[in-house]
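S.K.: Encoded as structure tokens, here's the structure I'll be asking about.
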Amino acid sequence: MTDYILTELMAVTAARQIKDGEIVFAGTGLPMLGAMLAQRTHAPQCCIIFQAGTVASQLAHLPMSVGDPRAMRGAATAAGLAEVFSYVLQAGRVDVGFLGGAQIDRFGNINSTSIGPDPRHPQVRFSGSGGACDIACLAQRTIIIALHEKRRLPERVDYITSPGWLEGGDSRRRAGLIRGGPSVVVTTKGVMRFRLDTKEMYLASYHPGFTARAVAEDTGFALDIEGATETPVPTADELRILREGVDPERVFLK
Amino acid sequence: MSKLIELAEAAALVPDGATISFGGFTTQRHPMAFVYELIRLKRRGLYLFGHSPGGDWDILIGAGCVKRVELAYEADEAFNTIGPRWRLAVQRGEIEWEDYSNFAMVSRFAAGAMGIPFMPIRSLLGSDVLACETLTAEQRAADPRTSPKKLHVMESPFDPNDRVVLVPAIHTEFAVLHVQKATSNGIVRVEGQTFADVQQALCAGTVIVTAEEIVAEQVLRREPERNLIPYFAVKHVCHVPFGAHPYAVFNYYDYDPRHLRLYHDGAEDDEKFHQYLQRFVFGVKCHAEYLEGIGGKARLDSLRADPGYGYRPDLKRRRLDG
């Protein structure tokens, strides 16, 4: 077995969710690692878009932000937020968007705004939505990356910054959202997906070193673990490309 | 007609309480030299509008210059995923704010720029960005520059089953952009991502542009399709090399990871933050002195962009002491 660290397993697992030829809306951190790795392995024709204005970057160096000059490398077009949000994201041209946050609930709703019962007087304030709410509303599907801790996976998030399946069932459609919704959640302990009818999160796989039961115990809502298997480990090739090509400076791999 | 004025002169045009937006996005092209001038002038009660600002807002908020903000995000992304002074100001109840998303804010600037009262978008439905308001009705009513309503959900008049969110137009008194090149009469060239600089400029009463280089008109008139906004929309132009430090300017210089670490290592602590302000803002008289203070020519040369990339490919962003 090849040695790897948890962030490498998460980056590889995220990369494998991207299909060749897809248009990918990537954010800073693990999503960038996943998108770059996918482009350099099984999905060479995937198109990486950053909300700050670049389309189809061929990244040579890992950006520190979606507005980084590094995002200009090899880009097919560069414009601004209005162009990307209106003509690309809102128009339905983004196949997959990445999201993260401080809290995620069992329907994949995400909070990246604040902790506490009253958002006007928060106990802890975060950066805010940025483009996350827009991606959650308007991408064809989303991949969520998260730390797996009980308090970060509550029954209900304190604030829905980015709508997932809302209350489950067809509530997302009823709210007026015409497409999208979360397809997968990659955490530090496993991979979760959503039941087709109820839209409730279930454990699809647990990472090596964990058990399905242990993952459920570290989750703040009842997590269905029926049929969960072990997450496939990274291949030697994926690890080499990730370490040598994608993030040699180990900006996010730590 | 020349619109060239000195940076200090331009900053002095902004009165206490003004509404203002700054160009750039998280880690690139913020008019930082202008921001430092506003802090030196001890401006108070500023009302900021933005999509994804970073340290430009954070230091202004920390220095006590800001009363109210409308925004989507405030942080330096991978350099710090939260703006430390923004967080403290919210948690201490020292600032008034309203949350939107990036698409909502950019659409609001665009509506203002086009002279229409609102823009319909398909985002926000089902979210608490739509359901929650942080500004009270009294706060909204007390300042006519704040929209009387945060957002409005509407069925399409052409299809009752199609729902959109109307976002209110923004008109600020000032917009300040930092760009690569400008002419003395206000033709503006941005290289790389344009962010929302176009919309922010065109919804503002007074546009001030700070530029890395002032170039001859014939240079920018050669490729007019690359020029950002009509020159008549620009009121003042300032020549400010390294005017976005510690943030990047595509084709000119990279961000400064050492300086960003210096800021973020201390910014959560009141005393250390005020030491930073004293050392880099109040303790220097002008931008030239600031640039000496952050390490002078040696530091600036180490950040200059490689022309083949538009940034510094060998720049270390982590483990800076190794």
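Since every read-out is calculated from the coordinates, none of them should be taken as a lab result. Note that the structure is a prediction, hence the values are computed from the model and not measured. Cβ sites come from the backbone with ideal geometry, for glycine too, and all protein chains shown count toward neighbours.
S.K.: Put a dot 7 Å past each Cα toward the Cβ at residue B:213 and residue A:123; how far apart are the dots in nm?
M.R.: 5.4 nm
S.K.: Too long at a 29 Å Cα-Cα cut-off: which of B:150/B:272; A:19/A:150; B:42/B:149; B:181/B:316? Before the final figure, lay out the partial values.
M.R.: Numbers: B:150/B:272 36 Å; A:19/A:150 31 Å; B:42/B:149 31 Å; B:181/B:316 27 Å.
Beyond 29 Å: B:150/B:272; A:19/A:150; B:42/B:149.
S.K.: Taking amide H positions as placed in the peptide plane 1.01 Å from N, state which residues far from residue A:153 in sequence (5 or more) or on other chains have amide H under 5 Å from it.
M.R.: When sequence neighbours closer than 5 places are left aside, the close amide H contacts are A:104, A:220.
S.K.: Using a Förster radius of 41 Å, what is the FRET efficiency between residue A:56 and residue A:6 based on their Cβ-Cβ separation? Nearest 0.05, please. Mind showing how you got there, number by number?
M.R.: Numbers: r = 30 Å, r/R0 = 0.74.
Calculated value: 0.85.
S.K.: While we're here: Give me the mean projected area, in nm² to one decimal, of the convex hull enclosing the Cα positions of the protein assembly as shown. Each step should come with its number before you reach the end.
M.R.: Numbers: hull surface 101.5 nm².
The orientation-averaged projected area of the Cα hull of the protein assembly as shown comes to 25.4 nm².
S.K.: Give me the Å³ per residue figure for the convex hull around the C-alpha atoms of region B:1-157. Write down the numbers at each step before the final one.
M.R.: Values: hull volume 22.5 nm³, N = 157.
Value for region B:1-157: 143 Å³ per residue.
S.K.: So who's got an amide H within less than 5 Å of the one on residue B:134, skipping anything under 5 residues away but keeping other chains? H placed 1.01 Å off N, in plane.
M.R.: The answer is B:99.
S.K.: Could you pull out every residue, at least 5 positions away or on a different chain, whose amide H is within less than 5 Å of the one on residue B:30? Hs are placed 1.01 Å off N in the peptide plane, and Pro or chain starts have none.
M.R.: It is B:25, by chain and number.
S.K.: In a Gaussian network model over chain B where Cα atoms closer than 10 Å are linked, find which of B:257, B:168, B:148 has the largest mean-square fluctuation.
M.R.: Greatest mean-square fluctuation among the candidates belongs to B:148.
S.K.: How long are the semi-axes of the equivalent ellipsoid of region A:112-254, taking √(5λ) for every eigenvalue λ of the Cα gyration tensor, in whole Å from largest down?
M.R.: Values: eigenvalues 140, 83, 60 Å².
Sorted largest first and rounded, they come to 26, 20, 17 Å.
S.K.: Just the number, please: percent antiparallel of the DSSP beta bridges in chain A, rounded to the nearest 5.
M.R.: Working: 17 of 35 bridges.
Bridges in chain A that DSSP calls antiparallel: roughly 50 percent.
S.K.: Another question about this same structure. Is the shape of region A:6-246 rounded, prolate or oblate, going by the alpha carbon gyration tensor and its root eigenvalues a ≥ b ≥ c, with a/c under 1.5 for rounded and a/b larger than b/c for prolate?
M.R.: Oblate.
S.K.: Of A:48, A:209, A:145, which is farthest along the charge dipole of chain A in the positive direction, counting Lys and Arg as +1 and Asp and Glu as -1 at C-beta?
M.R.: A:48
S.K.: Using the Cα centre as the reference, give the magnitude of the dipole from point charges on the C-beta atoms of region B:10-168 (Lys, Arg: +1; Asp, Glu: -1; all else neutral), rounded to the nearest 20 debye.
M.R.: Numbers: 17 positive and 19 negative charges, 93 e Å.
In total the dipole reaches around 440 debye.
S.K.: Given springs between every Cα pair under 10 Å in a Gaussian network model of chain B, which of B:186, B:112, B:308 has the largest fluctuation?
M.R.: Ranking B:186, B:112, B:308 by mean-square fluctuation puts B:308 first.
S.K.: Among A:153, A:99, A:81, which one shows the highest mean-square fluctuation when chain A is modelled as a Gaussian network with alpha-carbon springs under 10 Å?
M.R.: A:81
S.K.: Would you compute, from DSSP H runs of 4+ residues alone, the mean residue ellipticity of chain B at 222 nm, taking -39500 (n - 2.57) per run and dividing by the full residue count, rounded to the nearest 500?
M.R.: Numbers: 13 runs with 98 residues, N = 322.
Rounded to the nearest 500, the figure is -8000 deg cm²/dmol.
S.K.: Now for a separate question. Apply the Karplus curve 6.51 cos²θ - 1.76 cosθ + 1.60, θ = phi - 60°, to the phi angles in region A:46-60 and return the couplings in whole Hz, x for Gly and Pro.
M.R.: 6, 10, 8, 10, 10, 4, 6, x, 9, 10, 6, 5, 10, 4, 9
S.K.: Starting from the Cα of residue A:254, draw a straight line to each of the aspartates and glutamates and keep only those under 16 Å, dropping any in the same chain fewer than 8 residues away.
M.R.: List returned: A:3, A:8, A:244.
S.K.: If each residue of separation counts as 0.36 nm, what is the full-extension length gain between residue B:152 and residue B:272 once their alpha-carbon separation is subtracted? Write down the numbers at each step before the final one.
M.R.: On the way: separation 120, 0.36 × 120 = 43.20 nm, distance 4.28 nm.
Taking 0.36 nm per residue and subtracting the Cα distance, the gain is 38.9 nm.
S.K.: Moving on. Express as a percent, rounded to the nearest 5, the fraction of DSSP beta bridges in region A:138-219 (both residues included) that run antiparallel. Can you show the working numbers first?
M.R.: Numbers: 8 of 13 bridges.
Close to 60 percent.
S.K.: While we're here: Shielding by partners for A:133-141, please: the mean number of other protein chain Cβ atoms within 10 Å of each residue's Cβ.
M.R.: Working: counts 15, 13, 4, 5, 12, 4, 0, 0, 0.
Shielding by partners across A:133-141 averages 6.
S.K.: Turning to a different aspect of this structure: Read phi for every residue in region B:33-42 and hand back ³J(HN,Hα) as whole Hz from Karplus 6.51 cos²θ - 1.76 cosθ + 1.60, θ = phi - 60°, with x for Gly and Pro.
M.R.: Rounded to whole hertz, the list is 4, 5, 4, 4, 4, 4, 5, 4, 6, 6.
S.K.: Let me ask another. Based solely on C-alpha atoms, express the radius of gyration and the Dmax of chain B in angstrom.
M.R.: 19.6, 63
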